[in-house]
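Participant: What follows is a single structure, and I will ask about it in a moment.
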Amino acid sequence: MKTPDLSNVPTPDLIREFTELAIKQSYAETKGEQQKLNRLLFLMSAVVSELKARNSRDHLAVLFEHPVPFVRMQAARSAYNAIPDKARPVLEALRARKLQPEALWSGMTLTAHDRGWAVKE
């Protein structure tokens, strides 16, 4: 799969795209559509890479109160290295709710950072 060129996409549009991808991922995860989920994760990775290149991952903080838990989780996971003090409470709250799959993904992210397994940027 070819990585899309997002260099000319305005940051607010990238945040909207991130949100749409996370919602689609939530549905794919719920339905057990692993191949679709993998494709969506690949596309989200491209969006996050572009935000990182712009030093703009902190813009994902606007999604920390999104009504869809999967969107909050993906935003906090993607922004953790840029704004850990804001992202960590979101992940902790999702883990504490024990709503799956968000609790599992959030817990794995927190464990990876706490144990030094996560890539520091």
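The values are calculated or read from the model by the stated rules, or taken from the named source; none is laboratory data. Source: prediction; values computed, not measured. Note: ideal-geometry Cβ built from the backbone for every residue, glycine included; neighbour counts use all protein chains shown. These accessible areas exclude ligands, DNA and RNA; they are computed on the full protein's heavy atoms, side chains included. Shrake-Rupley method; radii C 1.70, N 1.55, O 1.52, S 1.80 Å.
Participant: Using the Kyte-Doolittle scale, which helices in the chain average at least -1.0 and also have C-alpha atoms spread 24 Å or more along the helix axis, with helices defined as whole DSSP H runs?
Facilitator: The qualifying helices are 11-31, 34-53.
Participant: Still on this structure: Would you work out the charge dipole size for the chain about its Cα centre, treating the Cβ of every Lys and Arg as +1 and the Cβ of every Asp and Glu as -1, and quote it to the nearest 20 debye?
Facilitator: Charge dipole of the chain: 260 debye, to the nearest 20.
Participant: Which one of E20, E102, E33 has the biggest mean-square fluctuation once the chain is modelled by GNM with Cα springs under 10 Å?
Facilitator: Fluctuation is largest for E33.
Participant: Continuing with this model, one more query. Relative to 2.2 N^0.38 Å, what does the C-alpha radius of gyration of the chain come to as a ratio? Two decimals please.
Facilitator: 1.00
Participant: With unit charges on the beta carbon (Lys/Arg positive, Asp/Glu negative), name the residue among G32, A22, V62 whose Cα is farthest towards the positive pole of the charge dipole of the range 1-63.
Facilitator: Value computed over the given set: G32.
Participant: May I pose another question? Quantify, in whole percent, the carbon and sulfur part of the accessible surface of the range 1-70 (1.4 Å probe; protein heavy atoms only). Mind showing how you got there, number by number?
Facilitator: On the way: 2160 of 4270 Å².
Roughly 51 percent, rounded to a whole number.
Participant: Tell me the relative contact order for the chain as a rounded percent, counting alpha carbon contacts under 8 Å between residues six or more apart.
Facilitator: Worked out over the chain, it gives 19 percent.
Participant: Next question. Kindly state, to the nearest 0.05, the FRET efficiency for Q35 paired with D85, given R0 = 41 Å and r defined as their beta-carbon distance.
Facilitator: Working: r = 36 Å, r/R0 = 0.88.
Step by step, r from the Cβ atoms, then E = 0.70.
Participant: Can you work out the accessible area per residue across the range 19-76, with the rest of the protein chains kept in place, probe 1.4 Å, in square angstrom? Present the calculation step by step, with values, prior to reporting the outcome.
Facilitator: Numbers: 3010 Å² over 58 residues.
Result: 52 Å² per residue.
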